[in-house]
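Quick notes on the structure that follows.
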Amino acid sequence: MADRSVIDGFAFSDDADVALASSEIEKIKYIAGRMNMDNPKGVLSVYDKLITGGIFVTPVGYEYLRTLQNYLYKSRDIPDDAVREIPVPVSYTRALNIRSEEREDRLNKQREARTLRKTFRTEYKVSLIINIILIIMVIAMFIITLQAENPNMINYRTAILNQYSEWEQDLNERENAIKQKELELGIE
């Protein structure tokens, strides 16, 4: 299965470049169909018009210009100094710098993401430890409150019932003591 971003052996990065290269292939077919390769002067004229007009801008078009240039260099009828060089309007060092800047930006983003993950992990561990400590403190507070002798919101019922039980027991003991004294004294 052919990839639609590959045109004539060149892989293009976006659809606009693919469309441009495809249109250049159509132009190449049209020019090649109409050009007489047996007439080097005619080929030189077409070659000069293609360069002057800036018709080709993709590697596909430059490759065709290079083919014509090689043909003209090999032709005995055309002197080598009459064949113009193919102008390259792209600054490859600038493209390389842009590519390296993009790579550096991508690496910086990855570093930042790693740092954020490490920070998040550290914060998560600290948060988990603090939460465990707080849970232990709350449990300890409940235990202390349940074991306290003073009545509070948690054990007030038990404390009041215990106090009433003590009073009742104390009253029963006093009543028994009084009855015993009455018996001893003979009072009924």
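Laboratory data are not the source of any read-out in this text; all were calculated from the coordinates shown. Computed from a predicted structure; not experimentally measured. Glycine gets a Cβ as well: all are built from the backbone with ideal geometry, and neighbour counts include every protein chain shown.
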Net length gained if the chain between residue 107 and residue 125 were fully extended (0.36 nm per residue, minus Cα distance): 3.8 nm
Using a Gaussian network model of the chain whose springs link C-alpha atoms within less than 10 Å, name the residue from 70, 155, 176 with the highest mean-square fluctuation. 176
Once both label points are put 7 Å beyond Cα along the C-beta direction, the residue 15-residue 73 separation in nm becomes 3.9
About the Cα centre of region 6-82, what is the dipole size in debye to 20, counting +1 per Lys and Arg Cβ and -1 per Asp and Glu Cβ, all else neutral? 380
Expressed as a whole number of Å, what is the distance separating the alpha-carbon centroids of region 21-40 and region 106-146? 70
How far apart, in nm, are two points set 7 Å out from the Cα along the Cα-to-Cβ line at residue 138 and at residue 158? 2.0
Given the candidates 62, 108, 130, the one whose Cα lies deepest towards the positive end of the charge dipole of the chain, counting +1 at each Lys or Arg C-beta and -1 at each Asp or Glu C-beta, is 62
Size of charge dipole - region 88-137 - debye, nearest 20, with Cβ of Lys, Arg +1 and Asp, Glu -1, no other charges: 180
Going by how many other Cβ atoms sit within 10 Å of their own, how do 153, 137 line up, fewest first? 153, 137
Given 153, 183, 167, which one lies farthest toward the positive end of the charge dipole of region 149-188, if we put +1 on the Cβ of every Lys and Arg and -1 on the Cβ of every Asp and Glu? 153
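Going through region 33-138, which GluC sites (Glu not before Pro) have at most 16 other Cβ atoms within 10 Å and a DSSP loop state? All intermediate terms of the calculation are to be shown ahead of the outcome.
Details: sites: 63, 85, 101, 102, 104, 112, 123; in loops: 85.
Filter output for region 33-138: 85.
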As a check on your grasp of the helix formula, calculate [θ] at 222 nm for the chain: sum -39500 (n - 2.57) over DSSP H runs of n ≥ 4, divide by the residue count, round to the nearest 500. -26000 deg cm²/dmol
Helix axis angle, 15-34 relative to the chain longest principal axis, alpha carbon, degrees: 10
Which value, in debye to the nearest 20, describes the size of the charge dipole of the chain about its Cα centre when Lys and Arg Cβ atoms bear +1, Asp and Glu Cβ atoms bear -1, and nothing else is charged? 1480
